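First up is the structure itself, then whatever we jot down about it.
The values are calculated or read from the model by the stated rules, or taken from the named source; none is laboratory data. The model shown is predicted, which means the values in this text are computed figures rather than measured ones. Cβ: placed from backbone, ideal geometry, glycine included. Neighbour counts: every protein chain shown. Only protein heavy atoms, including side chains, enter the accessible area calculation; ligands, DNA and RNA are left aside. Shrake-Rupley method; radii C 1.70, N 1.55, O 1.52, S 1.80 Å.
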Amino acid sequence: MKTVYLLNGPNLNLLGKRQPEIYGHETLADVERDCMALAQGLGLALEAFQSNHEGAIIDTIHAAREKAAGIVINPGAFTHTSIAILDALNAFEGPVIEVHISNVHKREAFRHHSYVSLRAEGVIAGLGTEGYKAAVRRLAMLLA
Ligand code: DHK
């Protein structure tokens, strides 16, 4: 069975508690549980990881080179700043889907640019936490 990684960046550990008018009421544990169940139904194993630290996210992407066939990633604010995460994703061979819970294009201008989009096969923004499930479904199609 192929494994996919679900990676979340800074502040996403506060999902459900932080600015629910923007990020909704579901917790990260809810999202991870739903994505694991969905992935299992699609014949994939899913491993979830969240960190507030750029280096830890990069280390996990490096580990994915050996362990994962695809990656769903919401890099949080590192989306807009991290060339290092882009470089790590460029060293990963499988498909990458970028997720943003909010519609970043409807928000501040600094959220309109994403380094990760230079690498991602697909970008989902503004679907709320449903976006993670759409990303897992898309990965399953790309890996079939
Ligand atoms: C999450 C964050 O933490 C922000 O820094 C991004 C993204 C948007 C989201 O919508 O999931 O700008």
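Values for this structure:
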read-out	value
Of all residues in the stretch 114-130 being of a type in the set (A, V, I, L, M) and assigned to a loop (DSSP other than H, G, I, E, B), the one that is nearest to the ligand (Cβ to nearest atom)	127
Among the residues listed as 84, 68, 39, 64, the single one being more than 12 Å from the chain's Cα centre (by Cα) and surrounded by fewer than 17 Cβ atoms within 10 Å (Cβ to Cβ)	84
Residue among 59, 30 that is surrounded by 13 or more Cβ atoms within 10 Å (Cβ to Cβ), away from the ligand (no atom under 15 Å from the Cβ) and farther than 15 Å from residue 97 by Cβ	59
Qualifying residue in the stretch 47-54 (condition: among the small types (Gly, Ala, Ser), crowded, with 21+ Cβ neighbours inside 10 Å, touching a Leu at 6+ places or on another chain (Cβ under 9 Å) and at pLDDT 95 or above)	no
Considering residues of the stretch 89-109 that are within 16 Å of the ligand (Cβ to nearest atom) and open to solvent by 20 Å² or more (accessible area, probe 1.4 Å) only, the residue nearest to the chain's Cα centre (by Cα)	103
Residue list for the stretch 26-47, restricted to those being out of contact with any Lys or Arg (no Cβ under 9 Å at 6 or more places or on another chain) and either outside any helix (DSSP H, G or I) or of a type in the set (S, T, N, Q) (or both)	26, 40, 46
Count of the stretch 110-132 residues which are open to solvent by 10 Å² or more (accessible area, probe 1.4 Å), within 18 Å of residue 23 (Cα to Cα) and of a type in the set (Gly, Ala, Ser)	3
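One line per residue, one yes/no per condition, for (1) touching a helix residue (DSSP H, G or I) at 6+ places or on another chain (Cβ under 9 Å); (2) among the acidic types (Asp, Glu):
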{"position": "47", "(1), (2)": "yes, yes"}
{"position": "62", "(1), (2)": "yes, no"}
{"position": "97", "(1), (2)": "yes, no"}
{"position": "106", "(1), (2)": "no, no"}
{"position": "115", "(1), (2)": "yes, no"}
{"position": "124", "(1), (2)": "yes, no"}
{"position": "127", "(1), (2)": "yes, no"}
{"position": "140", "(1), (2)": "yes, no"}
